[in-house]
1. Work out how much length residue 138 to residue 13 would gain on full extension: take 0.36 nm times their residue separation and subtract the Cα-Cα distance, in nm to one decimal.
2. Helix-only mean residue ellipticity at 222 nm, the chain, DSSP H runs n ≥ 4 weighted -39,500 (n - 2.57), per residue, nearest 500. What is it?
3. Rounded to the nearest 0.05, what FRET efficiency do residue 118 and residue 230 have when you use their Cβ-Cβ distance and R0 = 25 Å?
4. When the dipole is taken about the Cα centre of region 97-178, and only Lys, Arg (+1) and Asp, Glu (-1) are charged at their Cβ, what size is it in debye, to the nearest 20?
5. Charges at C-beta only: +1 for Lys and Arg, -1 for Asp and Glu. How large is the resulting dipole of region 140-194 about its Cα centre, in Debye rounded to 20?
6. What three numbers, in Å, describe the spread of the alpha carbons of the chain along their principal axes, ordered from the longest?
7. Among 21, 71, 11, which one shows the highest mean-square fluctuation when the chain is modelled as a Gaussian network with alpha-carbon springs under 10 Å?
8. Sorted by accessible area (1.4 Å probe), largest first, how do 122, 58 line up?
Amino acid sequence: MTAPNTQIEPPLLGEPYLLTPGPLTTSYAVKKAMLRDWGSWDDDFRAMTREMCSRLLKMLGAGAEDFDCVPMQGSGSFSVEAMLASFIPRDGKALVLANGAYGMRSLQTLQYLGRAHIVLNKGDYLPPRGIEVAQILADDPAISHVVAIHCETSSGILNPVEEISEVTHAAGRKLLIDSMSAFGAIELKVADIRYEAMVSSANKCIEGVPGFGFIIGRKSELEAARGNSHSLCLDVHAQWAHMKKTGQWRFTPPTHVVAAFLEALRCHEVEGGVAGRGNRYTKNRDVMVAGMRKLGFETLLKDRWMSPIIVTFFCPADEKFVFDRFYGLMKNKGFIIYPGKLTLVASFRVGCIGQMDATVMRQVVVAAKESLDEMGVSDATPPALALKERARLAA
Ligand SMILES: *Cc1c(COP(=O)(O)O)cnc(C)c1O
């Protein structure tokens, strides 16, 4: 096997690396793909949409022929809303498994949609386990759908979708997955994990630029989704049916974003597909976490739950540590980090996805060390409360 071309180039014009979960740092090739204008009705663009969908479906592995891909304009949340509104019938009821901001967003979306729902709210970062889900489903026969977040980006936890899928289908219910920040780097093969639909977007692990998302749904569910949606624009069935008939998006597609995404998908394949992409991100995480731990930083999650997508660190206890200052110092050194989202203790996040490799991640650690020095923080150990909080996390 020849080594795939996974050469990571530094960003153009000295722009900082985005250590954020999308938008993220994209390659020059992806940016360059946007330099041409496309007619949305033209055969060339229709072929691009077709190739994009078939490349995405291929990632599902054996059994992908039972699924179809429906791209949807807007950011990822538009696609989540489209999925929930289209696949959950108006008389359906959803169980939302929440352990962070994105689970709560799905819940809020269902409130807007007026769909019956209940929530299993695990707080900031505890994983929803199969056994709890099974109990809730047994207690409430009205639940038709379970909504799970694959990687909950607000903490970086990789939720146990396999066991959630198992208990959901054992109970005869349907599973919808928000795999926004995981798809393309973490396997979601339909032969291994059964689900009716999942959603992701252009600007996460495939490393495209923002502008649209996509819903991958079982064809039988797409068929059954007719008339469910409250929304003209977000009707997945209508978009799917129109695309099947004409090869076109219903309304103006983000043509440049699609062109960039197609280039990103080709690079993804060259890198070794989901496994290759996942390996690079895992290495990014391991190098970065090991370096940060050496400085005294502690991760919110134990290794078992840590995704290769984004990592939450506790802020150091030292009162000379001020997050905004740290952020600015890191930015000056070429790295944009991400504020934390925990409610109880101060934290920040560092993303591992985008056009970055282990060399870049080592530079991130050096920049963190220098930034601590500049603030006069000699030890990054978090406060005792943070460690006590973490001890609650199941093994
Ligand atoms: C990024 C993301 C979304 C979508 O967010 P947008 O800002 O609408 O693109 C949804 N769910 C998860 C888990 C995400 O990481």
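1. Contour length minus the Cα-Cα distance gives 39.3 nm.
2. Helix-only estimate at 222 nm: -12500 deg cm²/dmol.
3. Result of the calculation: an efficiency of 0.80.
4. 240
5. The calculation lands at about 200 debye.
6. Projected onto its principal axes, the Cα set of the chain covers 62, 54, 40 Å.
7. 11
8. The residues order as 58, 122, largest area first.
The values are calculated or read from the model by the stated rules, or taken from the named source; none is laboratory data. Keep in mind the model is a prediction, meaning the values are calculated, not measured. Every residue, glycine as well, gets a Cβ built from its backbone with ideal geometry; the counts of neighbours run over all protein chains shown. Note: areas computed on protein heavy atoms with side chains; ligands, DNA, RNA excluded. Shrake-Rupley method; radii C 1.70, N 1.55, O 1.52, S 1.80 Å.
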